[in-house]
Amino acid sequence: MVYNAMQWHNTKLSSYDQNLHTSAVLLALNRAENGELVEWYSDKGDSAGKVMIVATWNNCRRIHHYIQADRRERSWGETACMNTNTNRWVFTDK
């Protein structure tokens, strides 16, 4: 789903924490206002993350991710556009 995020998640986050981050991403894409922060914290380890919508245009949104896991930090941005035929977000950055 989130190509850039999954490149890092798969080696750093447990599947439980990956699900927490994915849920935060979808919540932000579907409901957050520009600049609103959606945060998650793992109750099964020391992982945490934040996502923020930084811009919205047409059916697209620019999202910024921040993840902290295993004393490492990573942040990146990517763009998702809503496919109005399927009502699913499609991430356009690869």
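Are there any pairs, at least 6 apart or on different chains, whose C-beta atoms fall under 6 Å, with the first in the stretch 51-67 and over 14 Å from Glu33 (Cα atoms) and the second modelled with pLDDT under 95 and of a type in the set (D, E, K, R), and if so, which?
Pairs found: Ile67/Arg74.
Got at least one residue in the stretch 22-38 being farther than 18 Å from Ala80 by Cα and modelled with pLDDT of 95 or more?
Start the filter on the stretch 22-38 by keeping residues that are farther than 18 Å from Ala80 by Cα, which leaves none.
So far as the stretch 22-38 goes, no, none of its residues is farther than 18 Å from Ala80 by Cα and modelled with pLDDT of 95 or more.
Could you run through the stretch 37-59 and say how many residues are closer than 15 Å to Glu78 by Cα, out of contact with any Asp or Glu (no Cβ under 9 Å at 6 or more places or on another chain) and not β-branched (Val, Ile, Thr)? Steps first, answer last, please.
We begin by selecting, within the stretch 37-59, every residue closer than 15 Å to Glu78 by Cα; these are 50-57, 59.
Next cut, out of contact with any Asp or Glu (no Cβ under 9 Å at 6 or more places or on another chain) only: 54-55, 57, 59.
Then keep just the ones that are not β-branched (Val, Ile, Thr); that gives 55, 57, 59.
Summing the residues that are closer than 15 Å to Glu78 by Cα, out of contact with any Asp or Glu (no Cβ under 9 Å at 6 or more places or on another chain) and not β-branched (Val, Ile, Thr) in the stretch 37-59 gives 3.
Scan the stretch 27-36 and give yes if some residue there is out of contact with any Asp or Glu (no Cβ under 7 Å at 6 or more places or on another chain), in a strand (DSSP E or B) and free of Cβ contacts under 8 Å to residues at least 40 places away in the same chain, otherwise no. Working first, answer last.
Applying the first criterion (out of contact with any Asp or Glu (no Cβ under 7 Å at 6 or more places or on another chain)) to the stretch 27-36 yields 27-36.
Among the residues that remain, those that are also in a strand (DSSP E or B) are: none.
For the stretch 27-36, residues out of contact with any Asp or Glu (no Cβ under 7 Å at 6 or more places or on another chain), in a strand (DSSP E or B) and free of Cβ contacts under 8 Å to residues at least 40 places away in the same chain: absent.
Taking Trp89, is it touching a residue at least 60 places away in the same chain (Cβ under 8 Å) and among the aromatic types (Phe, Trp, Tyr)? Reasoning before the result, please.
Values: touching a residue at least 60 places away in the same chain (Cβ under 8 Å): yes; among the aromatic types (Phe, Trp, Tyr): yes.
For Trp89, the condition - touching a residue at least 60 places away in the same chain (Cβ under 8 Å) and among the aromatic types (Phe, Trp, Tyr) - is met.
The values are calculated or read from the model by the stated rules, or taken from the named source; none is laboratory data. These numbers were taken from a predicted model, which means no experiment stands behind them. In this analysis, Cβ positions are derived from the backbone assuming ideal geometry, glycine residues included, and neighbour counts consider all displayed protein chains.
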